[in-house]
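Since the structure comes first, as C-alpha cells, the remarks are kept for the end.
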Amino acid sequence: MSHPLDGPLSRSDAVEADGIDAGVAWHYSDPFAEQRALAQGRAWVDLSNRGVATVTGADRLSWLHSLTSQHLSDLAPQVSTETLVLSPNGHIEHALHLVDDGTTTWITTEPGSVGPLVAWLEKMRFMLRVEVADVSDLWAVVGGTSALAPGERPAGGASAGEGGATPPVWHDPWPRLGVGSASYTAVDEDDHPGLERTWAEALVPRATFGERLAEVSLAGTWASEALRVAAWRPRAGADTDHRSIPHELDWLRTAVHLQKGCYRGQETVARVHNLGRQPRRLVLLHLDGSEHVLPARGAAVTHDGRPVGLITSPARHQDLGPIALAVIKRSVPLDAELLVAVGEPDGDLVQIAAAQEAIVAP
C-alpha cells in the first residue's frame, strides 16, 4: 500500500517510523508535545498503513461470529468491538477492529495483514450471503484519543466514499470487561490504567487524505504507542508471536466471548481458561533511563542470568519515562530483579534494570 504523496509523511518535520509502523510518521520533531496534545484530544495520528476491509450481505454478522472469538451475531449498528482470528491451536493470527453500520461491517487490521485476512475469509464463504472486499486503497485510518460521539469525524469530517458510504467511527473497548469475557489482571477493574486512555479510529477517503490531515494537529506513533503501552493495551504483531494465546495478554476481556458457540481455536481458549494456566504473561517494565537508549523490540529479558522473556513494545512516556510491554515466563516471581539488553550507539550491549509491574497475574 503506498502512502499518499501529499500526506503527513511528506511534511519536512516528519520522521518515519520503522518496524510494524513503517510508512507513517514516528514523530514531527517534538514527540512529547505531540504526546500531550494527543492525550488531551488535540491531535490525530496518521494510521494510513493499517488495512481496511468490508463485509456485506445478510449473513455477514452470523458468519463472522462463527469464525472469530467475539459474539457478533446480534451486534447492534454503531457498536464498536474487537475480535480475534485464531489458529486451530488457539494462537492469535489476526486482530480485527470492527463496527457495523447496519448494512456493512467495517474492519481495520494491523499493517500488512489485510491481504492474508481477506484471502482467508474468501476461502470460508461457502454458500453464505457475504461479500468481502479489501478497501484499503479507498480509505485511510486516522486515530485519536478524543472521546468522539458516534457520527462525529476527526480531521475536518470524513465524507462519503464510493457508493455514498460513510464509515462509522470505531471506539476502542479496551479495557472495559465485555459480556461473557474474563479478566486476567491482578488489579481492581476500577484501577486499570487503561481507563485513562480513550481511543477512536475514523476512516478518511484516501482521495482527500492529505488535504484533511493538513487541517489538524498531528502526533506520531511515538506518542500513540506510549499511551497504548501505559494503558496495558496489547497489539497484534507487536506483542504477539506465533505462540501467543489471548490469556497471556489479558485479551479475553475485550476480544473473546467465553460462552459463544464453536469457532476455530475455541478448544484451546476454553481449556486454558477452565483447566490450565497460560505459559507466559504480559508485564509492564519500568526501565532504568540512565542509558538514554530504549531496548529494541525482541530484546532479551533476563533473571539471574537466564532468559525469561522478550520486550514486545518499548516506549518513552512523557510522565512514566522509559517503559515497555514484555512477555515473560509465568513462573518468574513478581519481585524478581529483571535485566534488559540495550544496544549502545557504538554497538555494544549493556544490561539495564527493569522493575516489573504485573499485568497478567501469574
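Values in this text are rule-based calculations from the coordinates and carry no lab data. On a predicted model such as this, the values are computed, not experimentally measured, just so you know. Quick reminder, even Gly has a Cβ in these numbers, built from the backbone with ideal geometry, and neighbours come from all protein chains shown.
Among Arg277, Arg125, Arg233, Arg264, sorting on how many other beta-carbon atoms sit within 10 Å of each Cβ, with the fewest leading, yields Arg277, Arg125, Arg264, Arg233.
Where only DSSP H runs of four or more residues are counted, the chain gives -4000 deg cm²/dmol as its mean residue ellipticity at 222 nm, each run worth -39500 (n - 2.57).
Taking amide H atoms as placed 1.01 Å from N in the peptide plane, the amide H of Val360 lies under 5 Å from those of Leu282, each 5 or more residues away in sequence or on another chain. At an R0 of 25 angstrom, the distance between the Cβ atoms of Arg36 and His286 translates into a FRET efficiency of 0.80. Sorted into 10 angstrom bins from 0, the C-alpha pair distances of segment 279-358 split as 20, 58, 21, 2 percent. Here the mean projected area of the convex hull built on the C-alpha positions of segment 54-137 is 5.2 nm². Using 0.36 nm per residue and subtracting the Cα-Cα separation, the extra length available between Arg176 and Asp191 on full extension is 4.3 nm. Pick from Ser66, Ser80, Ser331: which residue has the top mean-square fluctuation in a GNM of the chain where Cα pairs under 10 Å get a spring? Fluctuation is largest for Ser331.
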